[in-house]
1. Restricting to segment B:80-98, name every residue that is acidic (Asp, Glu) and within 11 Å of another protein chain (Cβ to nearest Cβ).
2. With the requirement that a residue be within 14 Å of DNA strand D (Cβ to nearest atom) and under 24 Å from A:Ile14 (Cβ atoms), what does segment B:15-40 give you?
3. State all residues of segment B:51-79 that are assigned to a helix (DSSP H, G or I) and either within 12 Å of DNA strand C (Cβ to nearest atom) or more than 11 Å from chain A (Cβ to nearest Cβ) (or both); if no residue qualifies, say none.
4. Would you check which residues across segment A:12-43 are open to solvent by less than 60 Å² (accessible area, probe 1.4 Å), more than 13 Å from every other protein chain (Cβ to nearest Cβ) and either within 11 Å of DNA strand C (Cβ to nearest atom) or in contact (Cβ under 8 Å) with a residue 40 or more places away in the chain (or both) and list them?
2 protein chains.
Amino acid sequence: MTPATSTPDVYSAIGDPTRRALLLRLAAEGQKNVSELLEPFSISQPAISKHLRILREAGLVRSHKEGRLRLYEVEAASLRQVHDWVSHFERYWDQKLDALGDYLDRQER
Amino acid sequence: MTPATSTPDVYSAIGDPTRRALLLRLAAEGQKNVSELLEPFSISQPAISKHLRILREAGLVRSHKEGRLRLYEVEAASLRQVHDWVSHFERYWDQKLDALGDYLDRQER
DNA sequence: TTGACACATAACCATACGGATATACAATTG
DNA sequence: CAATTGTATATCCGTATGGTTATGTGTCAA
């Protein structure tokens, strides 16, 4: 019985530096196939495919076949939640330590 | 031979939902001691202490003793890099495909 | 001084993770 | 058709991660 394979969340998807690099390159250079994405790294093709799968399951990339290539592109709408979450802490790197920060905080949950 | 215990990076530190909840609460409610932080969770005190250590080593909290309590507070300057990184992808959730987005789109090989 | 409390650390365990190699399969090329 | 290329999946492996219980240490109260 295969145990349900829970979908990976966005935070852990971007926790890996290789996946961040993949995302950044896709954003900078647009669609890429697996071999192209693989090239700058010194890891195996299956390793990259695994990373791409995790990114896809986290909703961070999408892909489609074109001939015998599979093209990947960024689909980063789910990064918005990360952006929003991190923004709660903006006052900690902004100089202005306004007591206004307290207002942000009802967003808890 | 114990292998040097590399300092955890910010991305993996916030990859865990418990640690995100801790950070959010500290930001919302200010200083808290370990027992207070522990209370909403159904995990052990050592587990929380471990999370707090990881947050501390990632530069996300700091602490000081006060009597027999140890008070933790947010120290989230290092979240700025995350915020900046995520911002690279803003155009993927903004409706407005600004000039930068258009420019990048045309670079597609 | 003794005991209780607050917390950290140690030791251990199961599972997840990132990598490798081997293989399967679809699509193109000869 | 067979061979080659592009990619995914299967399997395995070592290490990291998140949890537990047990224990050590500092601080306060009686």
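1. Within segment B:80-98, the subset acidic (Asp, Glu) is B:84, B:90, B:94, B:98.
Once the filter is applied, which keeps residues that are acidic (Asp, Glu) and within 11 Å of another protein chain (Cβ to nearest Cβ), segment B:80-98 yields B:Asp84, B:Glu90, B:Asp94.
2. The answer is B:Gly15, B:Asp16, B:Pro17, B:Thr18, B:Arg19, B:Arg20, B:Ala21, B:Leu22, B:Leu23.
3. Looking only at segment B:51-79, we keep the residues that are assigned to a helix (DSSP H, G or I), and these are B:51-57, B:76-79.
Those that are assigned to a helix (DSSP H, G or I) and either within 12 Å of DNA strand C (Cβ to nearest atom) or more than 11 Å from chain A (Cβ to nearest Cβ) (or both): B:His51, B:Leu52, B:Arg53, B:Ile54, B:Leu55, B:Arg56, B:Glu57.
4. Restricting attention to segment A:12-43, the residues satisfying the condition of being open to solvent by less than 60 Å² (accessible area, probe 1.4 Å) are A:12-16, A:18-23, A:25-28, A:30-34, A:36-38, A:41.
Remaining after also requiring more than 13 Å from every other protein chain (Cβ to nearest Cβ): A:34, A:38, A:41.
If the condition is that a residue be open to solvent by less than 60 Å² (accessible area, probe 1.4 Å), more than 13 Å from every other protein chain (Cβ to nearest Cβ) and either within 11 Å of DNA strand C (Cβ to nearest atom) or in contact (Cβ under 8 Å) with a residue 40 or more places away in the chain (or both), then A:Leu38, A:Phe41 are the ones that fit.
The values are calculated or read from the model by the stated rules, or taken from the named source; none is laboratory data. None of the values given here were measured: they were computed from a predicted structure. Neighbour counts run over all protein chains shown; Cβ positions are idealised from the backbone, glycine included. Just the protein is used for accessible areas: all its heavy atoms, side chains included, with ligands, DNA and RNA removed. Shrake-Rupley method; radii C 1.70, N 1.55, O 1.52, S 1.80 Å.
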